[in-house]
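Taking it in order: structure first as structure tokens, then the write-up.
The values are calculated or read from the model by the stated rules, or taken from the named source; none is laboratory data. What you are looking at is a predicted structure, and each value in this text was computed from that prediction instead of being measured. Cβ sites come from the backbone with ideal geometry, for glycine too, and all protein chains shown count toward neighbours. Protein only, heavy atoms only, side chains kept; ligands, DNA and RNA dropped before computing areas. Shrake-Rupley method; radii C 1.70, N 1.55, O 1.52, S 1.80 Å.
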Amino acid sequence: VSNQPNKNRVIENAFKMRRDLENLAIQQEKNGGKYIRPIVLFQAQPKTADDNTTFEKLRETLIGLQIPAEQIKIKTAQTNELKGIDLLSRDCPVRYIITVNALKEGWDCPVAYILASLADKSSAVDVEQLLGRILRMPHVQQQGHELLNMSYVFTASNRFAETLQSIVKGLNRAGFSNKDHRVFDPESYNEIIEPEKSQ
């Protein structure tokens, strides 16, 4: 879990972390591992105020980062761009899914590694349900690289301690102990990721 100083940093770090994880997954597959395409779940804010990071604004921001539009899908109560898409297929281009709180039940994607929350506040239930979407590891097996065996949460909450407690409670209800989470600085992972990440 990493709390960032602002929402732009949440987006940037989720983008970089996903890219780094995909590079590690490519290396792992070259060494005989299974195909993995890490996905980011962005929790956007509901449309209540002009300054909110809504799903439309977030899609524009991601496209501004040179992310191809076909890699970005929206899944809300009103919009379901994931219908008929097999997220586990090698041919699927999706790497970013934007939701508000619509990924509650019956939705499964074991390659969703990163939850990037841009919501100012979320109920413990929302956090727990969204967190559940990123806790399943691909192929339900240990991966060859340490970073591919973890899930990541980025927030920019001014109530970080409260948000973290919601996350920890969600983990506890999912069967994890208090030792199964840590607060981290994304920059500290640079020495773990191989030099190939920038290629």
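Annotations for the structure displayed:
- Matching option when the condition is touching a His at 6+ places or on another chain (Cβ under 9 Å) and within 22 Å of Asn158 (Cα to Cα), among Val10, Val1: Val1
- Yes/no for Arg18 being open to solvent by less than 30 Å² (accessible area, probe 1.4 Å) and closer than 27 Å to Lys179 by Cα: yes
- Tabulated pairs, the range 65-81, first of a type in the set (Gly, Ala, Ser), second assigned to a loop (DSSP other than H, G, I, E, B) and surrounded by 10 or more Cβ atoms within 10 Å (Cβ to Cβ), C-beta under 7 angstrom, 6+ apart or interchain: Ala77/Ala102
- Which numbered condition Glu70 fails, given (1) open to solvent by less than 60 Å² (accessible area, probe 1.4 Å); (2) at pLDDT 95 or above; (3) not hydroxyl-bearing (Ser, Thr, Tyr): (1)
- Flag for Glu187 being open to solvent by 70 Å² or more (accessible area, probe 1.4 Å) and at pLDDT 65 or above: yes
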